[in-house]
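In what follows, a single structure is set out as structure tokens and then discussed.
The values are calculated or read from the model by the stated rules, or taken from the named source; none is laboratory data. Everything quoted here is computed from the prediction, not taken from an experiment. Virtual Cβ from ideal backbone geometry, glycine too; neighbours counted across all protein chains shown. We work out accessible area using only protein heavy atoms, side chains counted, and drop any ligands, DNA or RNA first. Shrake-Rupley method; radii C 1.70, N 1.55, O 1.52, S 1.80 Å.
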Amino acid sequence: MRRGWKMALSGGLRCCRRVLSWVPVLVIVLVVLWSYYAYVFELCLVTVLSPAEKVIYLILYHAIFVFFTWTYWKSIFTLPQQPNQKFHLSYTDKERYENEERPEVQKQMLVDMAKKLPVYTRTGSGAVRFCDRCHLIKPDRCHHCSVCAMCVLKMDHHCPWVNNCIGFSNYKFFLQFLAYSVLYCLYIATTVFSYFIKYWRGELPSVRSKFHVLFLLFVACMFFVSLVILFGYHCWLVSRNKTTLEAFCTPVFTSGPEKNGFNLGFIKNIQQVFGDKKKFWLIPIGSSPGDGHSFPMRSMNESQNPLLANEEPWEDNEDDNQVGLSRP
């Protein structure tokens, strides 16, 4: 009886947590909907008098708005990609590992299993990176997210503003969302500013639109400052081929710690996120190369690195805690 009550309470708490996790997204959606109303109706249709200016403003605004909402949607609803089955322990290996009481033997078991996998990174102590919650050997750049309760390939961070874990599957969309958000705020601020001055000087009648126009400029500038800082930081990360987690904690390879272990050079670093076809760079469709399990490394030259040599030697057969960063 008591056990059933505890299980029901635990389930209720998990349900409440899921609902509350959507609150930041709801806030963003409401702000965006209000900004659409304020710009399209109160500014363009009511305040702006020139028909030509109305048309130009509305066309440019909707072009930016489409890409802004499209990339936000993709950032939210593109599921984090998890390691495939060959990185999971088999039932037999799992039984052997859990029944073994000697830590040094467990460590050697993981080393033997990792020899069959394209795994080059280690823990700070030099051990094979293993997730005891997902029961798998972590691929390079993979980390466990405590919010999503899963291991995420090339995890960057968990973002409450999209209620999703940012990693290999959606990092490109997240960057595009930041870029179009900056452009969206900048466009609103620059086109609203002249009418803000006119309202301030009393050159326009003090009607309901005045409040929307004044507040629209304030909100656009406020979001622009915070977003341009965040976008600039992620541009720096992309230029160095790092994730947010790797920027805070230097990855350790079999040869030792190396903060630039995945740095391939500026152009190749960008291509690791956006792909080598520039026509897809601005469009929110998947174009990141690879499968998220293996990555080219600076420490290997082309003859040693199968990924740089465009080879596929790895056959398909066969306790990091997530850092929750409160940023959009």
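Per residue, the accessible area of segment 83-137 comes to 58 Å², computed with a 1.4 Å probe over protein heavy atoms only. Note on the chain: helix-only mean residue ellipticity at 222 nm, from DSSP H runs of 4+ residues weighted -39500 (n - 2.57) and normalised by residue number, equals -16500 deg cm²/dmol. The residue list 197, 55, 234 was ranked by how far each Cα lies along the charge dipole of the chain toward its positive end, using unit charges on Cβ atoms, and 197 comes out on top. Only protein atoms count toward the accessible area here, which uses a 1.4 Å probe; on the chain, the carbon and sulfur part of that area reaches 63 percent. Counting only DSSP beta bridges with both residues in the chain, the antiparallel share comes to about 95 percent. Counting only protein chain heavy atoms and rolling a 1.4 Å probe, the accessible areas of 100, 42, 258 rank, largest first, as 258, 100, 42. Only Cα pairs under 8 Å and 6+ residues apart enter the sum, and on that basis the relative contact order of segment 83-137 stands at 43 percent. Using Cβ point charges alone (K and R +1, D and E -1), the dipole size of the chain about the Cα centre works out to roughly 1020 debye.
Taking 1.306 mPa s as the viscosity and 10 °C as the temperature, the Stokes-Einstein diffusion coefficient of the chain based on its alpha-carbon Kirkwood radius rounds to 70 µm²/s.
Think of the chain as a dipole: +1 on every Lys or Arg Cβ, -1 on every Asp or Glu Cβ, centred on the Cα centre; then among 163, 264, 253, 163 lies furthest on the positive end. Listed cross-link partners 242/268; 107/242; 54/74; 116/277; 242/277 are compared with a 24 Å cut-off, the Cα-Cα value being larger for 107/242; 54/74; 116/277.
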